[in-house]
Amino acid sequence: MITYALRRIAMIIPLIIMVSFGVYALVLMIPGDPAITIAGENATEEQIQATRERLGLTDSFFVQYWNWISGAVRGDLGQSLFSSQTVTGAILDRFPVTLALTAAAVTVALLIAVPAGIIAALHRGRWPDRAVTLLTSIGISMPSFWLGILLVMVLALATPIFPAVGYTPLSESVLGWAHNLVLPAFTLGLAVCAEITRQLRGSLSDVLHQDYIRTARAAGLRGRIVVVKHGMKNAAVPVVTVLGFQVGFLLGGSVVVERVFGIPGLGDLAIRAVLERDIPMIQGIVVVSAAIVMLVNLVVDLSYGYLNPKVRQS
Amino acid sequence: MTTQHTGSEPGSAAGGTEEISGPALSGRARFWRRFRRQWPAQIALGYLIVIVAVAVCAPLLATYSPFDQNLNGVLARPSGEHWLGTDDLGRDVYSRLLYAARISLLAAAQAVAVSLVLGVLPGLLAGYAGKKTDAVIMRITDAVMSFPPLILAIAVVGVLGPSLTNAMFVIGIIFAPRFLRLVRGSVLSLRAETFIEASRSIGTPRWRIIQRHVLPNVLSPLVVQISLASALAMLAEASLSFLGLGVQPPEASWGAMIERGFRYTAAAPWMTVFPGLLIALTVLAFNVLGDGLRDSLGREVRKAS
């Protein structure tokens, strides 16, 4: 297990280097002279020169990359071009909000997906299964922001149960925080929910056809115990993997959902940075979110290796 | 992403019976026989043909010009005059939807085309060229897949400047690993097949083996993936346009129309509801068609996709 873990962790290092290089290279993609683009078309020659120096564009690309990455390793992602904040500071400010949103979304997703997946797997081919399959197909086909707007129309405007926009920090009011988070969490969670349901339905119905399940049933164990104790335990492994895959989707999806509900999270920061062309901020957000995805996948892989000895050997 | 694969179970309606009478029929005939039983996929295909036809014939079907403003009739409810109401500039929502279909479909097609170009050739290379090339290509693929798709797209579009072409180009790059892995996987499993080995042993050049034996066998799972990727591309385009990073006004895709309607949620829900419905239906159709096609393929191929 330790060799497997070390090998898996070693694999991530070249990946991080490539990803960070790719992120830094974004600056090369700015059409024309980045300094002119950023300083604005009416900028004077001195302003352009100042911008150029502020961006470190006077150095060669590799020197720039080296300065940036060595700072990034120490947690310094540079300075925003348009506000007095550091990139790291801004990300740390916003991160808890996005974390709360995504965690709530995953909770919603699991609360719906687990019962739905079990019901579908137990009634495979019959109407409950068909209903679940149909609903999950619809779930993954709806644009999340559209679903969010529909929820706002029905549950915030037509019947004002939940607030349409806004965010209350947890430190201010726990109830207000939860109240504000219900609709966004549903919006973001439903697509993930559909994926998890599909996966759970598939893996659980495979498991339920195994010999040991038949044995457990033949031995006279009650149906519920067989499904929950013997079935779910084994069906859960692929579900965890899928959940890991969904992290990237959740981070991207939260950008859109934050926009719909006016939540001041990382996504809101990203959109602002993009509209202002705040390059260091964009680079910081992309590299941090890629790091989160890699980290989660690492944890998933390691837990997979822990749960399934076969993985370790390959 | 392996998650798409679970919708179809092996040995569902499509498999079974034909497998026995199979050898008498060609692969294609067997495929069509199976596909005829996939009625949801056929409905989806029919719907997609209609949508494409509508997009092509938009000028004939539109009741107004999509750009004609009428400031005396803004945010009008759906009526006999304006079937799906008007937007905040008094433009006819129905006519705009028809024209937006063109942009939404073309955008998805563009992204998938970019994915195919960037995915198929390197995929063949990775599967066929040897370990070193394979390792390099796969590491790059891993790196691309480490980015949350939408965030990378937002960043690149932000740097390049918002435009639909930029947006779909990035989406294409992000989805390319799906095709690359699929092609590579098929090639790797095909390489071990006896008929390829036989062909190699009589001295057939490599490119000819790829052309004659590998490509035709990769084609079917590729078609499945194209359908599923179109669904994802369409959702991605809608998201980017909703964020204002895709198509720029006065042109509009369905996603951009929702963005516009979002500002008038309470006053004019029709501005939001109809374009969203079309996105959801079209994405659903691509997904259902993809699943149906996969279930109609032979079992061996189904595994690879």
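The values are calculated or read from the model by the stated rules, or taken from the named source; none is laboratory data. Predicted, not measured: the structure shown is a model, and the values here were computed from it. Neighbour counts are summed over all protein chains in view; Cβ atoms, including those assigned to glycine, are modelled from backbone coordinates with ideal geometry. Quick note on the areas: whole protein, heavy atoms, side chains included, nothing else; ligands and nucleic acids left out. Shrake-Rupley method; radii C 1.70, N 1.55, O 1.52, S 1.80 Å.
Overview of results
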quantity	calculated
Residues being open to solvent by less than 30 Å² (accessible area, probe 1.4 Å) and more than 9 Å from every other protein chain (Cβ to nearest Cβ) - total across the stretch A:135-155	2
Residue count, the stretch B:124-157 (criterion: more than 14 Å from every other protein chain (Cβ to nearest Cβ), touching a residue at least 24 places away in the same chain (Cβ under 8 Å) and among the aliphatic types (A, V, I, L, M))	2
Residues (more than 22 Å from A:Ser254 (Cα to Cα) and not in a helix (DSSP H, G or I)) located in the stretch A:124-150	A:Arg124, A:Gly125, A:Arg126
Filter pass, A:Ala235 being within 29 Å of A:Arg130 (Cα to Cα) and either open to solvent by 20 Å² or more (accessible area, probe 1.4 Å) or more than 12 Å from every other protein chain (Cβ to nearest Cβ) (or both)	no
Test result for B:Glu193, crowded, with 16+ Cβ neighbours inside 10 Å and either in contact with a His (Cβ under 6 Å, 6 or more places away or on another chain) or acidic (Asp, Glu) (or both)	no
Per-region count, the stretch B:269-301, residues without any contact (Cβ under 8 Å) to a residue 60 or more places away in the chain, within 7 Å of chain A (Cβ to nearest Cβ) and farther than 23 Å from B:Leu89 by Cα	2
Residue within the stretch A:78-86 that is surrounded by fewer than 17 Cβ atoms within 10 Å (Cβ to Cβ), more than 30 Å from A:His230 (Cα to Cα), of a type in the set (A, V, I, L, M, F, W, C) and touching a helix residue (DSSP H, G or I) at 6+ places or on another chain (Cβ under 8 Å) present	yes
In the stretch B:198-211, residue least open to solvent (accessible area, probe 1.4 Å) [restricted to those that are of a type outside the set (Val, Ile, Thr) and in contact (Cβ under 8 Å) with a residue 12 or more places away in the chain]	B:Ser199
Residue match in the stretch A:176-197 (condition: within 14 Å of another protein chain (Cβ to nearest Cβ), surrounded by fewer than 24 Cβ atoms within 10 Å (Cβ to Cβ) and over 18 Å from the mean Cα position of the chain (by Cα))	no
Members of the stretch B:255-268 found to be more than 9 Å from chain A (Cβ to nearest Cβ) and either open to solvent by 20 Å² or more (accessible area, probe 1.4 Å) or aromatic (Phe, Trp, Tyr) (or both), listed by number	B:Arg260, B:Arg263, B:Tyr264, B:Ala267
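To keep it simple, each residue is scored yes or no on (1) at pLDDT 80 or above; (2) closer than 25 Å to A:Leu190 by Cβ; (3) assigned by TED's automatic domain parsing to the domain that holds A:Ala191; (4) open to solvent by less than 10 Å² (accessible area, probe 1.4 Å).
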| position | (1), (2), (3), (4) |
| --- | --- |
| A:Val239 | yes, yes, yes, no |
| A:Phe249 | yes, yes, yes, no |
| A:Val256 | yes, yes, yes, yes |
| A:Gly267 | yes, yes, yes, yes |
| A:Ile271 | yes, yes, yes, no |
| A:Ile279 | yes, no, yes, yes |
| A:Ser289 | yes, yes, yes, yes |
| A:Val296 | yes, yes, yes, no |
| A:Asp301 | yes, no, yes, no |
